[in-house]
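Scroll down for the structure; my scribbles are underneath it.
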Amino acid sequence: MQNRVLVGLSLGVDSLATALKLKTESFYVVGLYFKIHEQATDLEKVRSICEERGIEFHFVDLQEEFQSKVVANFVSSYIKGLTPNICSLCNAEFKIENLLKYAEKFSCDFVATGHYARINNSLIGIAKDSWKDQSFMLYRLSEKQREKLLLPLGEMMKDEVKEYVRLNGYEEIANKRESFGLCFTNGKHYSDYLLERHPELKEFENGKVCDRNFQQIGSHKGFPFYTIGQYKGLDLKERLYINRIIAEENMLIVGEKSECYFSTLRLNSLVFSQNIENVKLNTQYLTKIRGKDEGNFATLREISSNHSIIEFSQRVFAPMQGQDVVVYDENNFILFGGRIESFS
C-alpha cells in the first residue's frame, strides 16, 4: 500500500517539483493549496496541474488564521522596535502545523514542502545548495512536526530543480522569476505595508536621529521603518549607519559602519532540535544570523532552556533584536536556535 503524502502546493517551481518528485518515488501525492490572500489568482492553475498529473487536490481558506498568527505578529514586532524573521514563525505555527492538521483529515502519513533543507532522523540540516538553504527558516519546528516532514529538494541544486520541472513539461513555471519579498505584502516595501495597515504610525514622524553622544543631527520617519545597519532613508549630510534603535524614545543612534559590528549575542525563546546535553559550552559552532548568511563560527558561553550567550570569533554585521539565530552541529544539522535579546 502506498504511503500518502500531503504536499503544500503553490504555482512555484519548488512546490511543483516536490509533488512531481514524490510521485515518482511511489508516494500517493495529495496536494493542498492554502488560500491566504483575497485574490488567489493561481488557484485554478494549480488545480488544473493536479488534474493533469493525477494528484488529489484540496484547498482551504486560511486567510483569517494567517492574518492573526503571522501578519499580526509581523506588524506588532516592528511596532515594538524588533526585526522579526516572520518565515520561521509562519513555518512552525502556520504552514507545517496546518499541513499536519489536514494530513490527518486526508489520511496522509507524511507532509512535504519545497524548502531547501536536508532532514535525517527528524533533524534538519543545511541543504546541498547552500545558497538556497532554508534550514534557518525551519529551526522552530517541534520534533513531532519534523517526524512527519519530507524535504525532497534538500539534496538538489536549484538549477536541477528548474530543469526537472522543465523536463516534466512546465517550461513557463520553470522560467518564472523568483520572488524574494514577503508573500503577503504584494510587492510593497514593509514600511509602506505597515503604514497602509496602521496609518497612526505617521505619529512617529520627525523622530530624532542622534550621534553616539545623543546629540541630534537629523530627523526620521518613525523607528518602526528602520533597522540596524541601515543608512538609506536618512537625510543626513554624510553617510551614517543606524547602530541602535531606542523605540521608547523614537530615537535612532547613528555612526560609522564599523559601529554596526558586534561579537556577543544574548538569545531568548530557544528551541532545541537536539538534546541540550549535546550542546557543549566553550565550543565553537557554525552559526547563522540570517537566512542567506553562510554562517560564522561562534563560541557558546552560556546555555540553559531559556537563554544562551554566544560570542563570534569575528564580529558580525547588524544583528537586530527579535532576529533569529540558528546554531549547527559539526554535521551541519540544527542544534538549537533562538531570538536576539541583546548584543554587544
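The values are calculated or read from the model by the stated rules, or taken from the named source; none is laboratory data. Owing to the predicted nature of the structure, the values given are computational and were not obtained by experimental measurement. When we count neighbours, we look across all protein chains shown, and the Cβ atoms used for this are built from the backbone with ideal geometry, even at glycine. Please note that ligands, DNA and RNA were not included when accessible areas were found on the heavy atoms of the full protein model with its side chains. Shrake-Rupley method; radii C 1.70, N 1.55, O 1.52, S 1.80 Å.
For the chain, what is the relative contact order in percent, using Cα pairs closer than 8 Å and at least 6 residues apart in sequence? Reported as a whole number, the value is 15 percent.
Think of the range 16-63 as a dipole: +1 on every Lys or Arg Cβ, -1 on every Asp or Glu Cβ, centred on the Cα centre; then among 26, 55, 40, 26 lies furthest on the positive end.
Shown here for the range 206-291: GluC sites (Glu not before Pro) in loop regions (DSSP other than H, G, I, E, B) with at most 16 other Cβ atoms within 10 Å, namely 238, 256. Summed over the residues of the range 151-232 and divided among them, the accessible surface reaches 62 Å² per residue at a probe radius of 1.4 Å.
Remark: the chain carries a charge dipole of roughly 320 debye about the Cα centre, counting +1 on each Lys and Arg Cβ and -1 on each Asp and Glu Cβ. Of the solvent-accessible surface of the range 290-330, computed with a 1.4 Å probe over protein heavy atoms with every protein chain present, carbon and sulfur atoms account for 42 percent. Under Stokes-Einstein, with the Kirkwood radius over Cα pairs as Rh, the value for the range 160-220 at 10 °C and 1.306 mPa s is 101 µm²/s.
Every pair of different Cα atoms in the range 32-148 enters the Kirkwood calculation, which places the hydrodynamic radius at 15.9 Å. Sorting the Cα pairs of the range 223-337 by distance into bins of 5 Å, from 0 upward, gives 2, 11, 21, 20, 16, 12, 9, 6, 2, 1, 0 percent per bin. Put a dot 7 Å past the Cα of residue 3, heading toward its Cβ, do the same for residue 206, and the two dots end up 6.3 nm apart. Take the range 292-338 with all the other protein chains still there, run a 1.4 Å probe, and you get 42 Å² of accessible area per residue. For the chain, the C-alpha radius of gyration divided by 2.2 N^0.38 Å, with N the number of residues, is 1.06.
For the range 240-293, the alpha-carbon radius of gyration amounts to 1.59 times the rule-of-thumb value 2.2 N^0.38 Å expected for a compact globular protein. When +1 charges are put on Lys and Arg Cβ atoms and -1 charges on Asp and Glu Cβ atoms, the dipole computed for the range 202-344 relative to its Cα centre reaches about 300 debye. By the Kirkwood approach, averaging reciprocal distances over each pair of separate Cα atoms, the range 277-344 gets a hydrodynamic radius of 12.1 Å. Among 110, 214, 74, the residue with the largest mean-square fluctuation in a Gaussian network model of the chain, with springs joining Cα atoms closer than 10 Å, is 214. For the range 227-246 versus the range 65-118, the spacing of their alpha-carbon centroids is 32 Å.
By accessible area, using a 1.4 Å probe on protein heavy atoms only, the range 1-48 has 46% of its surface on carbon and sulfur.
In this rough spin-label picture, where each label sits 7 Å from Cα along the Cβ direction, the residue 278-residue 215 distance is 5.3 nm. Based on the Kirkwood approach, the hydrodynamic radius assigned to the range 132-178 is 12.6 Å, with every pair of different Cα atoms included.
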